[in-house]
Amino acid sequence: MSTDDKQIFPPSITGKGSGSFGDEVSVLDHKFGASDPYTLGVEEEYMLLDGETYDLVQHVETVLAAVAGDELGTRVNAELMQSVVEIATPVCRTAADVAQELQTLRSYVTRVAHEQGMRVGSAGTHPFSLFERQRITARDRYRTLIDQMQYVARRELIFGMHVHVAIDDPEKAIQVVNGLLGQLGPLLALSASSPFWRGEPTGLSSTRQTVFSAFPRSGPPPRFRNYADYAAVIGQLEKTGCIADYTHIWWDIRLHPRLGTIEIRICDAVTRVEEAVALTAYCQALVKHFCERYERGEGIPSYHRILTTENKWLAARYGLEAPVMDLATGRRNRVSVAQLVRRTLRELEPHARELGSERELEGVREILSRGNGADRQLRIFNANRDIVEVVGEIADATEVAAVPLSAH
């Protein structure tokens with residue numbers, strides 16, 4: 001769970017403040033248009049694992065000490081719990097650039113972890129470790145978070161992937177977020193990789209989502225009329241002291257005015273790097289699709305929160321087999337989320353070609369054909385009921401270098 005912002009975009013773009021506790025970041029001091037449209041930044045949260053037992057270990061400070069002074073070390077950060085390490089890519093133009101950066105950063109963190117007798121894993125939850133045994137990272141912002149949230153924050157032993165896409169206009173960004181609300185279910189189904197919690201199968205594809213739902217200011221964002229509407233609401237929260245700044249709002253998709261991006265936060269952390277790249281390509285093409293609709297003066301479809309939240313729940317429960325509502329057509333019968341994704345892919349393919357990410361977008365079809373991370377974890381578990389073996393496979397698949405999709 002990312003609780004503050006890292007170095008995705010350089011200081012010349014980000015403007016003042018870091019988004020950490022105590023900083024003041026005005027939502028009106030936005031940077032939309034400060035970077036090229038559709039440029040990307042990705043954050044991934046990894047588990048630090050004991051090299052033999054695969055339980056979580058409280059050694060993020062060891063990792064940070066080992067990377068101190070390295071150029072790549074600035075891309076590696078602590079998170080709320082000492083068993084979590086987060087990486088953040090630099091600004092990328094294409095999904096292929098993201099692939100290169102994620103491969104580099106995963107390899108780097110893996111090497112550092114191995115040197116300290118640890119492994120690295122990427123999934124929405126650790127299948128058997130307990131949140132009660134995790135230590136909070138010794139940073140003021142995390143102590144403050146625990147003080148404010150208590151049990152709700154202490155149990156947040158979850159791992160996510162966040163995709164930033166730059167947009168050149170705040171009014172456009174508002175409407176694109178409204179359009180993206182209909183994609184919450186598909187994005188969650190594609191990324192779902194957390195079918196276990198506290199050593200037990202939960203019956204969910206994304207347990208992470210249900211755990212995180214207890215957090216305040218989480219879930220789908222409201223539909224704002226325009227940027228002034230958004231700024232007024234966030235400003236009321238800030239000036240009354242409910243939040244220090246807008247980065248204390250943890251919606252599934254949120255505006256990030258200081259970076260000039262839309263941040264898509266719905267996804268579980270995914271195990272295979274090529275799937276992270278495919279999801280990034282999907283998000284980038286979606287943003288371009290809605291931006292161009294806005295620029296042409298076409299209406300961007302937007303649906304009631306009750307409807308998008310129901311589809312999100314179905315995706316969290318059933319994954320790629322989720323029987324969701326087809327909100328775009330209003331059909332009476334429900335359809336599989338995989339069917340909606342295939343239809344969306346046909347709409348996005350021209351945008352992906354223009355973005356230079358057509359091959360990376362094909363990775364979404366690979367997810368549909370092979371299953372998501374939750375499906376893989378359950379197949380391994382059901383073979384011999386060995387939960388430790390599940391974590392071993394997560395570590396193996398996280399650490400292996402990405403293979404071009406054509407080689408599969």
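The values are calculated or read from the model by the stated rules, or taken from the named source; none is laboratory data. What you see is a predicted model, and the numbers here were worked out from it, not measured in a lab. All Cβ positions, glycine included, derive from the backbone under ideal geometry; neighbour counts span all protein chains shown. Ligands, DNA and RNA are excluded from the accessible area calculation, which covers all protein heavy atoms including side chains. Shrake-Rupley method; radii C 1.70, N 1.55, O 1.52, S 1.80 Å.
Checked against the criterion of being farther than 30 Å from Leu204 by Cβ and crowded, with 22+ Cβ neighbours inside 10 Å, segment 82-100 has no qualifying residue. When Glu263 is tested against the conditions (1) open to solvent by less than 30 Å² (accessible area, probe 1.4 Å); (2) more than 30 Å from Ala374 (Cβ to Cβ), the lone failure is (2). Of all the residues in segment 225-248, those that are surrounded by fewer than 19 Cβ atoms within 10 Å (Cβ to Cβ), among the hydrophobic types (A, V, I, L, M, F, W, C), in contact (Cβ under 8 Å) with a residue 12 or more places away in the chain and in a loop (DSSP other than H, G, I, E, B) number 1.
Condition test on Leu348, is it closer than 26 Å to Ala99 by Cα and touching a His at 6+ places or on another chain (Cβ under 8 Å)? Against the criterion (closer than 26 Å to Ala99 by Cα and touching a His at 6+ places or on another chain (Cβ under 8 Å)), Leu348 qualifies.
Residues in segment 188-208 that are closer than 19 Å to Trp250 by Cα and open to solvent by 10 Å² or more (accessible area, probe 1.4 Å): Arg208 alone.
Inclusion of Glu292 among residues that are free of Cβ contacts under 8 Å to residues at least 60 places away in the same chain and of a type in the set (Asp, Glu) is warranted.
Within segment 269-278, can one find any residue that is within 16 Å of Tyr38 (Cα to Cα) and either in contact (Cβ under 8 Å) with a residue 60 or more places away in the chain or under 22 Å from the mean Cα position of the chain (by Cα) (or both)? Taking every residue of segment 269-278 in turn, at least one turns out to be within 16 Å of Tyr38 (Cα to Cα) and either in contact (Cβ under 8 Å) with a residue 60 or more places away in the chain or under 22 Å from the mean Cα position of the chain (by Cα) (or both). Applying the condition of being among the aromatic types (Phe, Trp, Tyr) and surrounded by fewer than 24 Cβ atoms within 10 Å (Cβ to Cβ) to segment 129-183 and asking which residue is nearest to Val390 (Cα to Cα) yields Phe131. Of everything in segment 379-408, what is within 22 Å of Asp50 (Cα to Cα), hydrophobic (A, V, I, L, M, F, W, C) and at pLDDT 95 or above? Give them in sequence order. Correct list: Ile380, Phe381, Ile387, Val388, Val390, Val391, Ile394, Ala395, Ala397.
Could you go through segment 285-292 and let me know if any residue there is of a type in the set (Asp, Glu), modelled with pLDDT of 95 or more and either touching an Asp or Glu at 6+ places or on another chain (Cβ under 9 Å) or within 22 Å of Asp168 (Cβ to Cβ) (or both). Within segment 285-292, one or more residues are of a type in the set (Asp, Glu), modelled with pLDDT of 95 or more and either touching an Asp or Glu at 6+ places or on another chain (Cβ under 9 Å) or within 22 Å of Asp168 (Cβ to Cβ) (or both). Residues of segment 272-282 that are surrounded by fewer than 24 Cβ atoms within 10 Å (Cβ to Cβ) and within 20 Å of His126 (Cβ to Cβ): Arg272 alone. Any idea which residue in segment 48-81 is surrounded by the fewest Cβ atoms within 10 Å (Cβ to Cβ), counting only those that are β-branched (Val, Ile, Thr) and within 18 Å of Leu105 (Cα to Cα)? The selected residue is Thr74. Is it true that Arg135 is without any contact (Cβ under 8 Å) to a residue 12 or more places away in the chain and of a type in the set (D, E, K, R)? No: the conditions fail for Arg135.
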